[in-house]
1. In whole Hz, what ³J(HN,Hα) sequence does region A:68-80 give by Karplus (6.51, -1.76, 1.60; θ = phi - 60°), x for Gly and Pro?
2. Using only atoms on other chains, find how many Cβ atoms lie within 10 Å of each Cβ of peptide A:114-123 and report the average.
3. When chain A is modelled as a GNM with alpha-carbon springs shorter than 10 Å, which of A:GLY72, A:GLY33, A:GLY59 fluctuates the most?
4. Partner chain Cβ atoms within 10 Å, averaged over the residues of B:62-75 - can you pull that number for me?
5. Cα centroid distance between region B:1-72 and region A:98-140, in Å?
6. Compute the distance in nm between two label points, each set 7 Å from the Cα along the Cα-to-Cβ direction, one at A:LEU66 and one at B:ARG62.
7. Rg (Å, one decimal) plus Dmax (Å, integer) for the alpha carbons of the protein assembly as shown?
8. Taking θ as phi - 60°, what are the ³J(HN,Hα) couplings along region A:97-102 by the Karplus curve (6.51, -1.76, 1.60), each to the nearest whole Hz, with x for Gly and Pro?
Amino acid sequence: METAFTPFASLSGGLLIGFGAVLLMLGLGRIMGATGIMSGLVFAKNTAELSWRAVLAAGMILAPGLIYAVTGNMPAIDVPISPLMIVIGGVIVGLGASLGSGCTSGHGVCGLSRMSVRSLVAVPTFMVTAAITVFVIRHMFGG
Amino acid sequence: MRLIFVFLTGLVFGLGIAISGMMNPAKVLNFFDLAGTWDPSLAFVMGGALVVTFVGYRLVWRRDAPLFASLFQIPTSKVIDTKLIGGSALFGIGWGIAGFCPGAAIPAIGTGRWEVLLFLGAVAVGLALARILQGQPLFSRSANA
């Protein structure tokens with residue numbers, strides 16, 4: 001399915017994402033890595049680990065509702081794949097992000113801005129395998 | 001005060017994700033579909049986020065410490081190993097299948113869509129699997145992320 005090219009909305013959103021990452025560094029001195037935040041929430045060992053991550057996630061989760069309150073529309077979520085593929089993709093995402101120590105936010109946004117050598121390797125790696133995966137699914141199996 | 005700051009930080013990040021289009025799997029998958037219905041929007045998301053973070057981090061690091069913590073906790077490892085490359089390669093495969101990534105899916109919980117919860121449940125299984133594979137107990141202090 002086609003999606004509209006949205007350079008201005010995407011750029012504005014990107015600026016806010018970056019601002020959020022900077023605020024977390026300013027406030028807590030931490031990297032805005034979504035996988036690490038989620039891992040800390042799911043496998044928390046104590047309430048100190050849990051509390052700031054839970055509050056951070058709560059702020060994130062409120063965002064779509066705030067957009068709905070202001071604009072009258074929820075942010076679009078079009079899911080062009082089956083529930084089974086969501087599950088398979090999700091398990092691989094969790095496994096890969098954990099082994100690779102980061103995902104789009106941790107390696108992509110925060111790691112590249114720090115010019116971390118590990119992120120400079122990780123980001124091109126996952127961008128290329130994502131593109132290959134989409135090519136194989138859509139153009140070789142016609143998904 | 002600390003938790004209000006953290007809450008607002010999450011809200012800013014979540015608004016960015018929502019406005020940018022990152023929480024829409026159709027858009028994410030089209031970004032990677034160079035040979036098909038290509039939508040380059042997400043390059044603008046990454047570009048915008050990187051410019052702000054690159055400059056912002058350097059301004060923040062002029063301080064001796066964060067506002068609400070005693071030190072900056074920044075990863076220092078420079079090790080390029082199979083785990084980093086293999087894990088990142090796997091992450092990309094999963095992202096290319098599902099179109100969601102964790103940073104987009106956490107704010108997307110707020111839309112109330114069941115697909116988001118299904119995805120995040122599966123991610124939690126993957127995180128647990130990684131811990132088991134690495135011989136880490138599921139609930140302990142050895143978080144590596």
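1. In residue order, the calculated couplings are 5, 5, 7, 9, x, 10, 6, x, 5, 10, 10, 10, x Hz.
2. 5
3. Largest GNM mean-square fluctuation: A:GLY72.
4. Shielding by partners across B:62-75 averages 4.
5. 15
6. Those two pseudo-labels are separated by 2.7 nm.
7. Cα radius of gyration and Dmax of the protein assembly as shown are 17.3, 55 Å respectively.
8. 5, 6, 5, x, 6, x
Every number in this text was worked out from the coordinates using simple rules, so none of it is lab data. Computed from a predicted model, the values in this text were never measured in an experiment. Note: ideal-geometry Cβ built from the backbone for every residue, glycine included; neighbour counts use all protein chains shown.
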